[in-house]
Amino acid sequence: MSGKNQHVVPHGGNWAVRGAGNSKATSVHETQREAIEQGRQIAQNQGSELLIHGRNGQIRDRDSHGNDPFPPKG
């Protein structure tokens, strides 16, 4: 994968899209759905992965936009 993975994370009472390793949010949204849509666009443009976190901070879903091998190994 070429770009930074994008994370949708809780941000105060809102939701933020943050690139992996970044301390600042790329964008902040009122709903998780809006943040996911924005994060998905960024991940698609960068050929990276979108990781969606729940309110507890744990990853609840992933969406890969990188160079996935098909068929998968293993």
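Laboratory data are not the source of any read-out in this text; all were calculated from the coordinates shown. Here the structure is a predicted model, which means the values were calculated and not measured. For neighbour counting, all protein chains shown are included, and Cβ atoms are generated from backbone atoms with ideal geometry for every residue, glycine included.
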Exercise. Gaussian network model of the chain, Cα springs within a sub-10 Å range: biggest mean-square fluctuation belongs to which of R60, R18, R40?
Worked result: R60
Seminar exercise, completed: Helix-only [θ] at 222 nm, the chain, -39500 (n - 2.57) per DSSP H run of 4+, per residue, nearest 500, equals -6500 deg cm²/dmol
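Show me the three semi-axes of the equivalent ellipsoid for the chain, from the C-alpha gyration tensor (sqrt of 5 times each eigenvalue), largest first, rounded to whole Å. Please report the intermediate quantities before stating the final value.
On the way: eigenvalues 101, 32, 21 Å².
Listed largest to smallest, the semi-axes of the chain are 22, 13, 10 Å.
Please tell me the relative contact order of the chain in percent, rounded to the nearest whole number, where contacts are Cα pairs under 8 Å and at least six residues apart. Could you put the intermediate results ahead of the total?
Details: 147 pairs, mean separation 23.2, N = 74.
Computed value for the chain: 31 percent relative contact order.
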Problem set entry | For S48, distant residues with modelled amide H under 5 Å away | G3, H65
Problem set entry | Amide H contacts of G19 (H built 1.01 Å from N, under 5 Å, at least 5 apart or other chain) | H7, T26
Exercise. With the chain treated as a Gaussian network of Cα nodes joined by springs under 10 Å, which of A16, A43, A25 yields the largest mean-square fluctuation?
Worked result: A25
Exercise. By the scheme Lys and Arg +1, Asp and Glu -1, what is the net charge of all other residues having a beta-carbon under 14 Å from that of G19?
Worked result: +3
Exercise. For the chain, modelled as a Gaussian network with Cα springs under 10 Å, which listed residue fluctuates most, G13, G39, G54?
Worked result: G13
For this session: Taking the chain as the reference, fit the longest principal axis to its C-alpha atoms, fit the long axis of helix 32-46 to the helix C-alpha atoms, and give the angle between the two in degrees, 0 to 90, nearest 10.
Result: 40
